[in-house]
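These notes are about the structure you will find just below.
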């Protein structure tokens with residue numbers, strides 16, 4: 001800025017410019033900058049407008065019906081006369097699929113991010129990144145169509161065997177690892193080498209037996225499960241996790257990259273393996289950034305409409321038992337999308353405004369989580385640069 | 001822990017990471033492969049003579065003489081079926097009332113199946129809906145309908161513990177001893193001669209408008225609607241986004257106001273897409289009244305504010321990636337700040353800005369939730385450019401939902417749905433692919 005000022009004064013000495021013209025130039029500069037500013041501020045105005053207009057149509061609902069019914073009852077009969085507007089089951093459905101997708105997407109996403117930032121060589125990474133971008137680019141309605149037309153019939157017809165195979169494929173490697181590590185940890189306190197090895201082998205055999213029994217017992221239970229409807233919370237959770245993955249991977253990869261080389265090299269110098277370096281030093285250092293990534297990913301799942309609308313079954317009740325992912329559920333977003341068409345005809349009624357109340361709820365949740373994740377990222381940047 | 005275990009842990013850790021990337025790639029494959037393989041079937045398929053009849057009648061396409069000779073040769077085989085039907089009609093008249101009643105319902109099922117397979121039977125009234133005017137236009141559907149004609153589907157509910165099982169009973173057995181019994185083997189043996197299947201390439205799927213809510217015809221109205229909506233959104237969002245990015249990178253001074261504006265940007269990026277739809281309805285339509293009800297312009301505006309944050313971020317990154325030396329060189333030549341931005345920085349950042357724009361265009365084309373309440377209708381013809389201010393439009397994303405979930409015969413037009421999904425995914429992925437290629441070029445160029 002200082003350089004610019006010097007330059008300007010030089011120019012005014014070199015060329016004789018009338019005071020009027022200089023004033024005009026200054027005015028033009030101010031005008032230009034204020035135009036730029038107003039465009040930039042436009043975004044903030046939009047955000048305020050969104051809050052205002054959604055809230056404006058949400059408030060009448062609470063004026064008509066009060067708060068308690070909306071949050072505590074699960075009787076959702078908006079079309080009745082008089083209607084019932086208990087959204088508890090719907091809120092619960094939203095939370096359920098969000099949690100389900102997070103349980104799939106968070107471990108996978110963080111593992112993939114670690115892999116991308118620390119394990120894979122650059123040449124492979126070049127091909128992995130477009131895959132993630134493609135996954136992010138596929139329109140939600142295409143995912144929804146896949147969930148409804150391909151995955152749902154598959155689940156309904158051969159859900160049990162699918163669950164069994166998923167259990168075997170996913171869990172057996174981890175069980176094997178747990179057996180090896182567990183027996184090693186338990187025997188590590190034994191000083192005498194020969195006795196230690198003997199008990200290690202014994203424990204190994206014992207644990208493997210238990211693991212195999214567990215695998216087959218749970219597998220056969222899963223195999224016997226009959227999924228009554230393919231459009232259920234599990235289906236939606238799986239698809240939503242695909243959609244949340246790209247966000248989680250790219251944001252947490254950024255967080256991992258932000259952890260400097262020196263920390264990594266310090267850990268390697270102390271003799272740690274790569275896994276130990278990542279788990280014990282890099283992950284703690286990047287943990288807040290990863291948390292931000294998880295929040296953003298979860299928000300993507302919570303705010304997603306088309307997949308849940310098409311493939312969640314849209315039945316407004318709390319599953320029995322409460323963790324039964326094989327039942328149809330209904331979410332906030334799907335309710336808004338599905339009911340607005342009919343409620344629009346009766347603008348001004350509680351039936352219309354309740355949907356805006358749901359929208360406001362979503363908006364507030366997304367605002368808070370966005371705010372929190374942003375704070376977290378800022379704080380991480382500060383601590384890392386402070387070191 | 002001993003060193004061996006540590007090594008195993010280390011390797012398995014690597015395996016988990018690589019495994020999850022492979023799972024992601026597989027997930028992409030699992031979703032894309034059925035869409036592509038089935039979606040192609042909307043254009044390349046084995047079409048029957050009914051398809052060519054339909055094309056001629058509805059779109060005035062195909063050679064009249066060829067078609068006439070084809071129809072004549074298929075009619076030769078069909079007349080025999082119709083003769084059998086009338087023979088059975090006559091036989092029914094002579095039967096005792098109880099026996100007749102016994103056959104009546106089964107006979108009407110046969111007639112319905114034949115109608116679905118071959119089109120209206122002689123003596124039927126001319127159907128009101130186009131879907132009933134033709135037989136099966138696609139060979140694989142014709143085979144399904146043939147099965148329906150030959151076998152009656154029944155449900156075995158004898159075991160109450162498990163779900164009912166479907167099983168099939170031959171219809172020929174039911175008509176044993178009547179003149180109709182000969183019909184079933186005859187149709188089975190001569191179906192190809194009656195329908196004349198041949199490999200068909202139907203590019204009209206992309207360029208035709210739909211006939212009778214997508215039973216026949218193509219998806220042009222949807223493609224055009226998607227194009228209008230996405231381009232409209234870009235028209236609003238791109239200039240605004242680039243200007244805002246210039247402000248943020250070149251003019252904004254760090255401070256409370258600036259950080260507020262930035263938070264606003266990321267808040268806007270995090271708003272659920274359905275809430276944009278509600279906002280569009282409440283603001284653009286109910287308050288500003290940009291149009292009476294749903295319209296392309298309202299949808300475009302809604303999509304525009306949805307993609308605005310993405311464009312701003314991409315443009316900011318592109319501008320920041322321009323080397324500092326460019327700026328300094330320009331300023332040292334005595335150029336003003338604005339002149340530097342307009343002549344040096346923006347041209348250098350343009351490819352990067354365009355990349356962000358292209359990705360946003362794809363996002364706008366693929367989004368459904370914001371246009372549900374603001375722009376989309378399920379049935380409709382392609383609209384003219386002049387109508388964008390007043391009329392809603394069908395759009396790919398919305399119509400995929402509509403055909404798959406709300407259409408009265410969703411299971412019968414799976415090929416159209418797959419074709420639509422493929423069209424949408426192709427548009428979006430091509431846009432993204434071009435963005436990826438563009439970006440790779442830029443990074444190469446900047447590296448020198």
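Per-structure values
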{"item": "Failed condition for residue B:391, given (1) assigned to a helix (DSSP H, G or I); (2) more than 10 Å from chain A (Cβ to nearest Cβ)", "result": "(1)"}
{"item": "Test result for residue B:434, over 24 Å from the mean Cα position of the chain (by Cα), touching a residue at least 12 places away in the same chain (Cβ under 8 Å) and either under 19 Å from residue A:144 (Cβ atoms) or more than 10 Å from every other protein chain (Cβ to nearest Cβ) (or both)", "result": "no"}
{"item": "Odd one out for residue B:27, checked against (1) within 30 Å of residue A:239 (Cβ to Cβ); (2) outside any helix (DSSP H, G or I)", "result": "(2)"}
{"item": "Residue match in the range A:278-286 (condition: part of a helix (DSSP H, G or I), in contact with a helix residue (DSSP H, G or I) (Cβ under 7 Å, 6 or more places away or on another chain), facing another protein chain (nearest Cβ under 10 Å) and farther than 18 Å from residue A:116 by Cβ)", "result": "no"}
{"item": "Checking residue B:398 against (1) more than 10 Å from every other protein chain (Cβ to nearest Cβ); (2) buried (at least 22 other Cβ atoms within 10 Å of the Cβ); (3) closer than 24 Å to residue B:301 by Cα, the condition it does not meet", "result": "(1)"}
{"item": "The range A:69-124 - residue that is without any contact (Cβ under 8 Å) to a residue 12 or more places away in the chain and touching a strand residue (DSSP E or B) at 6+ places or on another chain (Cβ under 7 Å) and, of those, surrounded by the fewest Cβ atoms within 10 Å (Cβ to Cβ)", "result": "A:77"}
{"item": "Counted residues, the range B:184-216 - those being within 21 Å of residue B:412 (Cβ to Cβ), outside any helix (DSSP H, G or I) and touching a strand residue (DSSP E or B) at 6+ places or on another chain (Cβ under 8 Å)", "result": "8"}
{"item": "Residue in the range B:150-171 that is part of a helix (DSSP H, G or I), free of Cβ contacts under 8 Å to residues at least 12 places away in the same chain and either more than 34 Å from the chain's Cα centre (by Cα) or surrounded by fewer than 13 Cβ atoms within 10 Å (Cβ to Cβ) (or both) present", "result": "no"}
{"item": "Qualifying positions in the range A:53-67 - within 9 Å of another protein chain (Cβ to nearest Cβ) and either within 19 Å of residue B:268 (Cβ to Cβ) or surrounded by fewer than 19 Cβ atoms within 10 Å (Cβ to Cβ) (or both)", "result": "A:53, A:54, A:56"}
{"item": "Where a residue in the range B:403-427 is without any contact (Cβ under 8 Å) to a residue 60 or more places away in the chain and its partner, wherever it lies, is surrounded by fewer than 20 Cβ atoms within 10 Å (Cβ to Cβ), with Cβ under 6 Å and at least six apart", "result": "B:404/B:410"}
{"item": "Single unsatisfied condition, residue B:245 versus (1) assigned to a helix (DSSP H, G or I); (2) over 29 Å from the mean Cα position of the chain (by Cα); (3) surrounded by fewer than 18 Cβ atoms within 10 Å (Cβ to Cβ)", "result": "(3)"}
{"item": "Verdict on residue B:355 being away from every other protein chain (no Cβ under 11 Å) and more than 17 Å from the chain's Cα centre (by Cα)", "result": "yes"}
{"item": "Any chance residue A:289 is in a helix (DSSP H, G or I) and modelled with pLDDT under 90", "result": "yes"}
{"item": "Which numbered condition residue B:58 fails, given (1) touching a strand residue (DSSP E or B) at 6+ places or on another chain (Cβ under 7 Å); (2) under 22 Å from residue B:187 (Cα atoms)", "result": "(2)"}
{"item": "Failed criterion for residue B:390 (all others in (1) crowded, with 19+ Cβ neighbours inside 10 Å; (2) under 29 Å from the mean Cα position of the chain (by Cα) hold)", "result": "(1)"}
{"item": "Filtered residues of the range B:57-78 (kept if in a helix (DSSP H, G or I) and under 25 Å from the mean Cα position of the chain (by Cα))", "result": "B:58, B:59"}
{"item": "Residues within the range A:342-375 that are closer than 24 Å to residue A:64 by Cα and at the interface with chain B (Cβ under 8 Å from one of its Cβ atoms), tallied", "result": "7"}
{"item": "Whichever residue in the range B:365-383 is within 10 Å of chain A (Cβ to nearest Cβ) and part of a helix (DSSP H, G or I) and, among such residues, is surrounded by the most Cβ atoms within 10 Å (Cβ to Cβ)", "result": "B:370"}
{"item": "Condition check for residue A:328: more than 8 Å from chain B (Cβ to nearest Cβ) and in contact with a strand residue (DSSP E or B) (Cβ under 8 Å, 6 or more places away or on another chain)", "result": "yes"}
{"item": "Residue in the range B:35-53 that is within 30 Å of the chain's Cα centre (by Cα), within 30 Å of residue A:149 (Cα to Cα), at pLDDT below 90 and within 14 Å of chain A (Cβ to nearest Cβ) present", "result": "no"}
{"item": "Hits in the range A:301-323 - residues which are within 9 Å of chain B (Cβ to nearest Cβ) and in a helix (DSSP H, G or I)", "result": "A:302, A:303, A:306, A:309, A:310"}
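A quick yes/no check of all residues on (1) in a helix (DSSP H, G or I); (2) facing chain B (nearest Cβ under 9 Å):
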| residue | (1), (2) |
| --- | --- |
| A:146 | yes, yes |
| A:152 | yes, no |
| A:173 | yes, yes |
| A:180 | yes, yes |
| A:190 | no, no |
| A:194 | yes, no |
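So that you can scan it fast, the table gives a plain yes or no per residue for (1) under 26 Å from residue A:336 (Cβ atoms); (2) at the interface with another protein chain (Cβ under 9 Å from one of its Cβ atoms); (3) modelled with pLDDT of 85 or more; (4) in contact with a strand residue (DSSP E or B) (Cβ under 7 Å, 6 or more places away or on another chain):
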site: A:17; (1), (2), (3), (4): no, no, no, no
site: A:31; (1), (2), (3), (4): no, no, yes, no
site: A:36; (1), (2), (3), (4): no, yes, yes, no
site: A:40; (1), (2), (3), (4): no, yes, yes, no
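The values are calculated or read from the model by the stated rules, or taken from the named source; none is laboratory data. Note that this is a predicted model, so its numbers are computed, not measured. Quick reminder, even Gly has a Cβ in these numbers, built from the backbone with ideal geometry, and neighbours come from all protein chains shown.
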